[in-house]
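Novice: What follows is a single structure, and I will ask about it in a moment.
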Amino acid sequence: MSDRHGSKAAEAALARAYEAARAYLRGVHEASNRVAVTQPEVRARLGTALPEKGESAEAVIGALVRAAEGALAPTAGGRFFAYVIGGTHPAGVAAEFLNAAWDDKPGTPLVTPFGCAVDGLVGEWVLELLDLPREASVGIVTGASMGNFLGIAAARHALLQREGWDVEAQGLFGAPPITVIISEEAHPTVHKALRFAGLGAKRVVAIETDAQGRMRTDRVAAALGAATGPVLVCTQAGNIMTGAMDPFAEVAPLCRERGAWLHVDGAFGLWARVSPGLNGAIRGVELADSWATDAHKMLNTPYDAGFGIVRDPAAHLGAMDISASYLAQAAGARDPSRYVPELSRRARATPIYATIRALGREGVREMIETCCAHARRMRDLLTARTGVACLNEVVFNQAIFRFSVPGRASDEAAGDAITAQVATRARESGECWVQSSVWRERTVMRFSVVDRATTVADIERAAAAVLEAYEQALAA
Ligand SMILES: Cc1ncc(COP(=O)(O)O)c(C=O)c1O
């Protein structure tokens, strides 16, 4: 085999990838935010037929680099503000390279002590960073989607166990029904997790939200009062539109009193915990029973990195653990695969470890505070212009804007149309990536700051591009 690892051919492929990565990252902050290459064009570049014969690894990497040319959104750059997509820290990116080279699969601690140790340590660091109960257990998962599933599966296990029902053994047929109380503005991945857990995405009590998208406590109290049998309450830290945090300090005691399980989808908002200045908005979140959050958003690690955290490790393991005689355990050693849905997985903790170590606690805090300050600055710059409104209290990293036509401020349809146009024009300018969306049946421009690469100059440049787009849309 002429391309075994260590061969000239193998090293040529690594060198090609390394050079391409360096060139990409060197240019990413100035790259255009206009992605003009379409998916069919990329397909054509990739070649449509399954190759009969292989080619050199270096040639394949070259082909990938050419296929990606102009077709990547610069999410690692400083002026990408769509979809709560985080950037990356160089330490995490570099560790990710190593991770693939090491082909590390943390699990079976006798075989993979390195990956297992990193996994355990990162879990401890995350509990400390987020100041969650230190006795909680952590599964390092692909992201908040799986974190939500993990938390809900643990809830299902514990709630039914209290009813004398072993859901892992017996499934849900004939089980005592669980009432699920959930925000009407919950993220769709929570509904998906409920589907996976057999609890049904629609078989829920949806709780009305306030003007900022927070669950109304009085409605939660009423739903808890009306529920019979076991209850799961799903809340969120960080509304996908407004960034608003549910009123945990009020809801958590109600759940405790009722014996309900409180789960928090904190994909990005849970990171408010790292800052004394932001922590007020998220007061009481530590009282929950389970939490889901991402590393690849506010923590700026490479993708496929998040956490499912459960206060009661027995409930966590009850839902996730498997044992098989061929999977040798080492007494007292951490086996990460016991805490997550998958058995084999890449060593997700390694790039997270590198990112946290490179930033330190202070760096993490500063990064998140800076993202939030940038969101407030954008609000100030845009709303200084008549006709631009920010619809939310910018409590975290999210701002939603709406534009109106002068003299027709109450014409909602005209506002919808011009807001969509502004977002499209701003993005097509290549200056920044902003996205229109719909909130409460009205078109808005969403603005999320999730990247440590963003500077004040980036925000000023983005604001200028958006305001220019507004002028153009008005003149059109
Ligand atoms: C509030 C919220 N919950 C859950 C998710 C799902 O997270 P992930 O895509 O990392 O699985 C997201 C992702 O955007 C989110 O914003």
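Novice: Do you know which residues across the range 28-55 are surrounded by 12 or more Cβ atoms within 10 Å (Cβ to Cβ) and small (Gly, Ala, Ser)?
Specialist: Within the range 28-55, ALA31, SER32 qualify.
Novice: Another question, then. Going by the conditions given, is ALA44 within 30 Å of ARG427 (Cβ to Cβ) and out of contact with any Asp or Glu (no Cβ under 6 Å at 6 or more places or on another chain)?
Specialist: yes
Novice: Give the number of residues within the range 168-192 that are away from the ligand (no atom under 16 Å from the Cβ) and surrounded by fewer than 22 Cβ atoms within 10 Å (Cβ to Cβ).
Specialist: 11
Novice: Name the single residue, out of those in the range 98-114 being outside any loop (DSSP other than H, G, I, E, B) and not small (Gly, Ala, Ser), that is farthest from the chain's Cα centre (by Cα).
Specialist: PRO113
Novice: Against the conditions (1) under 29 Å from ALA349 (Cα atoms); (2) outside any loop (DSSP other than H, G, I, E, B); (3) of a type outside the set (Lys, Arg), where does HIS296 fall short? Just the number, please.
Specialist: (2)
Novice: If you don't mind, there's one more thing I want to ask. When residues of the range 172-191 are filtered for being β-branched (Val, Ile, Thr) and touching a Pro at 6+ places or on another chain (Cβ under 8 Å), how many remain?
Specialist: Residues flagged as β-branched (Val, Ile, Thr) and touching a Pro at 6+ places or on another chain (Cβ under 8 Å) within the range 172-191 amount to 2.
Novice: When the range 231-274 is examined, which residues are found to be in contact with a Cys (Cβ under 8 Å, 6 or more places away or on another chain) and not hydrophobic (A, V, I, L, M, F, W, C)?
Specialist: HIS263, ASP265
Novice: Output the residue which, of all residues in the range 262-291 that are within 14 Å of VAL251 (Cα to Cα) and assigned to a loop (DSSP other than H, G, I, E, B), is nearest to the ligand (Cβ to nearest atom).
Specialist: The extreme case among them is ALA288.
Novice: Residue under question is LEU224, and the condition is that it be within 14 Å of ILE181 (Cβ to Cβ), touching a helix residue (DSSP H, G or I) at 6+ places or on another chain (Cβ under 9 Å) and buried (at least 21 other Cβ atoms within 10 Å of the Cβ); does it hold?
Specialist: Considered against the rule, which asks whether it is within 14 Å of ILE181 (Cβ to Cβ), touching a helix residue (DSSP H, G or I) at 6+ places or on another chain (Cβ under 9 Å) and buried (at least 21 other Cβ atoms within 10 Å of the Cβ), LEU224 comes out as no.
Novice: Being assigned to a loop (DSSP other than H, G, I, E, B) and buried (at least 16 other Cβ atoms within 10 Å of the Cβ) narrows it down to one of ALA67, ALA82, ALA71, so name that one.
Specialist: Testing whether each residue is assigned to a loop (DSSP other than H, G, I, E, B) and buried (at least 16 other Cβ atoms within 10 Å of the Cβ) leaves just ALA82.
Novice: What tally of residues in the range 228-251 results from selecting those that are part of a helix (DSSP H, G or I) and of a type outside the set (A, V, I, L, M)?
Specialist: Here the count works out to 2.
Novice: I'm trying to understand the selection: among the residues of the range 328-343, which are under 18 Å from GLY143 (Cβ atoms) and in contact (Cβ under 8 Å) with a residue 60 or more places away in the chain?
Specialist: PRO336, SER337, TYR339, VAL340, PRO341
Novice: Please specify each residue of the range 222-241 satisfying the condition of being touching a residue at least 60 places away in the same chain (Cβ under 8 Å), within 16 Å of the ligand (Cβ to nearest atom) and within 14 Å of VAL204 (Cα to Cα).
Specialist: CYS234
Novice: Read through the list (1) within 30 Å of MET378 (Cα to Cα); (2) without any contact (Cβ under 8 Å) to a residue 12 or more places away in the chain, then give the number of the only condition that ASN33 fails.
Specialist: So ASN33 meets the others, but not (2).
Novice: I've got another one for you. Which pairs do you get when a residue that is among the aromatic types (Phe, Trp, Tyr), found in the range 145-156, comes within reach of a residue that is near the ligand (Cβ under 10 Å from one of its atoms), reach meaning Cβ atoms under 7 angstrom, with the pair 6+ apart or on two chains?
Specialist: Taking only residues 6 or more apart or on different chains, the pairs are PHE149/ALA193.
Yes/no per residue for (1) of a type outside the set (A, V, I, L, M); (2) within 16 Å of the ligand (Cβ to nearest atom); (3) modelled with pLDDT of 95 or more:
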site: THR293; (1), (2), (3): yes, yes, yes
site: THR301; (1), (2), (3): yes, yes, yes
site: ILE309; (1), (2), (3): no, yes, yes
site: ALA330; (1), (2), (3): no, no, no
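Novice: Which condition number in (1) in contact (Cβ under 8 Å) with a residue 60 or more places away in the chain; (2) surrounded by fewer than 24 Cβ atoms within 10 Å (Cβ to Cβ) is the one that ARG219 fails?
Specialist: Unmet for ARG219, out of (1) in contact (Cβ under 8 Å) with a residue 60 or more places away in the chain; (2) surrounded by fewer than 24 Cβ atoms within 10 Å (Cβ to Cβ): (1).
The values are calculated or read from the model by the stated rules, or taken from the named source; none is laboratory data. All figures in this text were calculated on a predicted structure; none of them were measured in a lab. Heads up, the Cβs are rebuilt from the backbone with ideal geometry, glycines too, and the neighbour counts pull from every protein chain shown.
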